[in-house]
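> The structure that follows is given in the form of structure tokens.
Bear in mind that the values in this text are calculations on the coordinates, not laboratory data. No experiment lies behind these values; they were computed from the predicted model shown. Cβ coordinates were reconstructed from backbone atoms using ideal geometry, including for glycine residues, and neighbour counts include every protein chain displayed.
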Amino acid sequence: MTVLILGATSPIARAIAREYAMRGNPIALAARDVAEVARHASDITIRYGVKARGYAFDALEYDRHRETVAEAARDLGPIEVGVIAFGDLGDWQRSVTDPTAARAVLETNFVGAASTAEALAQHMAPRRSGTIVGLSSVAGERGRYSNYFYGSSKGAFSLYLQGLRARLYHEGVHVLTVKPGLIDTPMTWGLRRGRIPIASPESLARAITRGVERRRDVIYHPWFWKWVMGLLRAVPESRWKRIKI
Ligand SMILES: NC(=O)c1ccc[n+]([C@@H]2O[C@H](COP(=O)([O-])OP(=O)(O)OC[C@H]3O[C@@H](n4cnc5c(N)ncnc54)[C@H](OP(=O)(O)O)[C@@H]3O)[C@@H](O)[C@H]2O)c1
């Protein structure tokens, strides 16, 4: 079962790759840094004895998305699991004053992610088989004082995945939306606050492989974020707008 990971250089993507390789699956790693994914692919092959290859991929090069999926499938076999792992947190204060910075966040996390998902859907639907995994975020569940650019792009991506899931249900392809809370990666280095528990990329990777196996529609990781977000969504707007988080 070939697994293609798009945006394969992040710690979460690497953990997902290792988790699937450990189970004997061929791994296709696609990212902007081709040299880095080539190194990672060799490492996977040496450690786990599975086929692994690196591919050039940029979320903003829409015209190349289908080609990347097709190339990986030609080399390693039909893609059974496609993981949309890339993301851009951005610097929200800069986004407020610099439309180009805001656009990069919105475009990468939503337009690039949706284009990539459509490329995977086109590949999987004719075989009526496969799972598309989209890494969204709990940040997409409520707009907040800081970084609503990132939050709104992830919120839009979650909504998009919900529609895609409904469409592809009739075409034999499954869609899993993943909503992580705080995961220990460079993305969250500046965000760690006191007592909020932080999960490892490895634990998230295990939750994702389980979610794919059980054909879950949406997973939160760690699980308690589902209830935290339920509470936060229940705060009335008149109060919410006063909170600077
Ligand atoms: N960490 C968390 O707490 C957390 C929480 C919720 C959701 N998530 C989501 O989980 C995913 C992985 O997060 P992470 O924390 O592991 O991320 P990260 O360490 O910040 O890495 C971001 C990744 O996205 C890639 N990327 C950015 N723009 C790209 C583009 N235009 N084309 C291709 N790749 C691009 C980067 O590639 P380069 O190496 O080329 O820069 C890098 O591999 C993201 O979607 C993120 O939004 C993370």
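> Where the centre of each part is set by its Cα atoms, how far does the range 97-122 sit from the range 196-245, in angstrom?
With the range 97-122 and the range 196-245 each reduced to a Cα centre, they are spaced 22 Å.
> Quick check: residue separation of D91 and Y145 times 0.36 nm, minus the Cα distance between them. What number comes out in nm?
So the chain would gain 18.1 nm between D91 and Y145.
> Would you mind putting 113-124, 223-234, 44-55 in packing order, based on average other-beta-carbon counts within 10 Å, highest first?
By packing density, highest mean first, the sequence is 113-124, 44-55, 223-234.
> What does the charge dipole of the chain about its Cα centre add up to, to the nearest 20 debye, if the Cβ of each Lys and Arg holds +1 and the Cβ of each Asp and Glu holds -1?
1060
> Now for a separate question. When you count, for each residue, the other Cβ atoms within 10 Å and take the mean per peptide, how do 89-100, 203-214 rank with the highest first?
Taking the mean over residues of other Cβ atoms within 10 Å, the ranking is 203-214, 89-100.
> How much of the pair distance distribution for the range 1-49 lies past 12 Å, counting alpha-carbon pairs only, in percent?
When every Cα pair of the range 1-49 is considered, 55 percent fall beyond 12 Å.
> In the P(r) worked out for the range 114-209, what percent of Cα pairs fall beyond 19 Å?
50
> Moving on. Can you put S136, S200 in order of Cβ neighbours within 10 angstrom, beginning with the fewest?
Starting with the residue having the fewest Cβ neighbours, the order is S200, S136.
> Kirkwood hydrodynamic radius of the range 44-183 from all distinct Cα pairs, in Å?
For the range 44-183, inverting the mean 1/r across all distinct Cα pairs yields 16.0 Å.
> Compute from the Cα atoms of the range 2-240 the Rg and the Dmax, the latter being the longest Cα-Cα distance, and quote both in angstrom.
For the range 2-240, the Cα-based Rg and Dmax read 17.3, 56 Å.
> Total Lys pairs in the chain closer than 20 Å by alpha-carbon, pairs eight or more apart in sequence or interchain only?
Step by step, the pairs that qualify in the chain add up to 5.
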